[in-house]
Amino acid sequence: MSVYLHCLSHTPLIGHVDPAPAVLAEVDASIAAARERIARFDPELVILFSPDHYNGFFYDIMPSFCIGMAARAIGDFGSAAGELPVPRALAEDCARSVLAQGIDAAVSYRMQVDHGFAQPLEFLMGGIDRVPVIPVFINSVAVPLPGFQRARLLGEAIGRFARSLDKRVLLIGSGGLSHQPPVPELATANEHLADRLKGSGRDLPVEEREARTQRVIAAARAFVDDQHSLYPLNPDWDRQFMATLAEGRLAELDGLGNEELSALAGKSANEVKTWVAAFAALSAYGPYGADHGYYRAIPEWIAGFGSISAAPLR
Ligand SMILES: O=C(O)/C=C/c1cccc(O)c1O
Ligand SMILES: [Fe+2]
């Protein structure tokens with residue numbers, strides 16, 4: 001039984017709108033070092049917590065949490081496409097265990113995932129198909145959202161399940177930190193977009209997919225020129241959040257409401273619940289220590305961009 005954790009911001013803008021070479025080199029070095037540490041750990045199973053951005057989960061039925069029994073990545077923004085190697089029987093055991101522990105996660109036998117899941121697998125594992133992975137969706141975009149406490153309890157339940165396995169388990173949290181890219185919202189959507197958000201966007205026509213991609217790229221370019229063109233990043237909050245997790249003070253976040261978080265750090269900062277769930281899962285193994293923290297606000301990627309590893313204290 002052993003466990004390792006890595007949490008990493010994701011952004012589909014990498015390779016589309018990049019920061020200065022020195023910043024890129026810094027991020028590359030941090031990710032390469034994390035990848036080496038993970039390779040040394042040699043995980044037998046990945047449990048990956050990620051949000052979705054209206055590519056696989058829609059308002060026809062929007063769960064707060066969903067565990068994938070099988071999953072396929074769509075390859076948005078040039079991220080990897082294809083089947084994820086989900087160990088079905090183990091994923092079923094995981095879902096049974098989580099429900100038995102009082103957390104009502106949905107299950108999907110045909111989960112569709114986007115860059116939120118694919119990017120950390122590519123960056124940290126070298127591809128989406130390298131190691132068996134149980135994908136765990138946390139709704140971080142489509143209001144109403146689950147709160148911090150529920151994300152923590154989900155993580156703890158999954159951690160207790162993982163601890164019961166005789167396997168080296170890598171926990172990954174994908175998303176955040178402060179940011180608010182132009183993700184559509186049902187409240188302000190016109191009829192066509194509302195229909196897409198309710199499920200007809202599952203397989204977007206090529207030209208609509210391209211228009212969506214270009215809209216986000218254009219927003220990133222505008223954000224570099226004027227950091228009030230989108231909701232501002234909040235490096236102070238991001239650093240505080242990373243310290244809160246690193247110091248094992250997860251429950252302190254329980255009292256922070258979703259709208260309060262959005263006001264502090266932008267609506268998509270709700271993606272940080274994937275980090276909370278991953279750290280909570282790690283906490284089920286006992287006290288932990290965090291290390292190799294990296295942070296930089298990167299407007300080119302519309303991201304407070306963070307990366308951190310953690311492992312149980314010996
Ligand atoms: O899917 C999209 O349209 C945009 C996603 C996005 C943009 C910027 C930062 C992120 O973390 C994203 O997920
Ligand atoms: Fe995201």
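The values are calculated or read from the model by the stated rules, or taken from the named source; none is laboratory data. No experiment lies behind these values; they were computed from the predicted model shown. Here the Cβ is made from the backbone with ideal geometry for all residues, glycine too, and neighbour counts use every protein chain on show.
General observations
- Options 130, 150, 160; residue that is among the basic types (Lys, Arg), modelled with pLDDT of 95 or more and out of contact with any strand residue (DSSP E or B) (no Cβ under 9 Å at 6 or more places or on another chain): 160
- Subset of the range 1-45 [buried (at least 20 other Cβ atoms within 10 Å of the Cβ), polar (S, T, N, Q) and either farther than 12 Å from residue 307 by Cβ or within 16 Å of ligand 2 (Cβ to nearest atom) (or both)]: 9, 11
- Of the candidates 60, 104, 52, the single residue that is more than 26 Å from residue 192 (Cα to Cα) and either more than 16 Å from ligand 2 (Cβ to nearest atom) or not in a strand (DSSP E or B) (or both) is 104.
- Residues that are crowded, with 17+ Cβ neighbours inside 10 Å number at least 2 in the following helices (runs of 4 or more DSSP H) confined to the range 134-240: 148-163, 206-225.
- Any hit, the range 210-217, residues being within 26 Å of residue 56 (Cα to Cα), in contact (Cβ under 8 Å) with a residue 40 or more places away in the chain, small (Gly, Ala, Ser) and within 16 Å of ligand 1 (Cβ to nearest atom): no
- Residues of the range 2-30 satisfying the condition of being part of a helix (DSSP H, G or I), in contact (Cβ under 8 Å) with a residue 12 or more places away in the chain and either touching an Asp or Glu at 6+ places or on another chain (Cβ under 9 Å) or away from ligand 1 (no atom under 15 Å from the Cβ) (or both): 23, 26, 30
- Every pair of residues 6+ apart whose Cβ atoms lie under 9 Å, when the first sits in the range 105-123 and is more than 12 Å from residue 55 (Cα to Cα) and of a type in the set (Lys, Arg) while the second is away from ligand 1 (no atom under 16 Å from the Cβ) and not in a helix (DSSP H, G or I): 110/68; 110/69; 110/70; 110/71; 110/72
- Hits in the range 54-65 (condition: buried (at least 23 other Cβ atoms within 10 Å of the Cβ) and of a type outside the set (Phe, Trp, Tyr)): 56
Here's the yes/no breakdown for (1) touching a helix residue (DSSP H, G or I) at 6+ places or on another chain (Cβ under 7 Å); (2) over 22 Å from residue 30 (Cβ atoms):
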residue: 183; (1), (2): yes, yes
residue: 212; (1), (2): no, yes
residue: 232; (1), (2): no, yes
residue: 262; (1), (2): yes, yes
residue: 269; (1), (2): yes, no
residue: 287; (1), (2): no, yes
residue: 293; (1), (2): yes, no
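- Some residue of the range 120-138 being among the β-branched types (Val, Ile, Thr) and touching a Ser or Thr at 6+ places or on another chain (Cβ under 8 Å): yes
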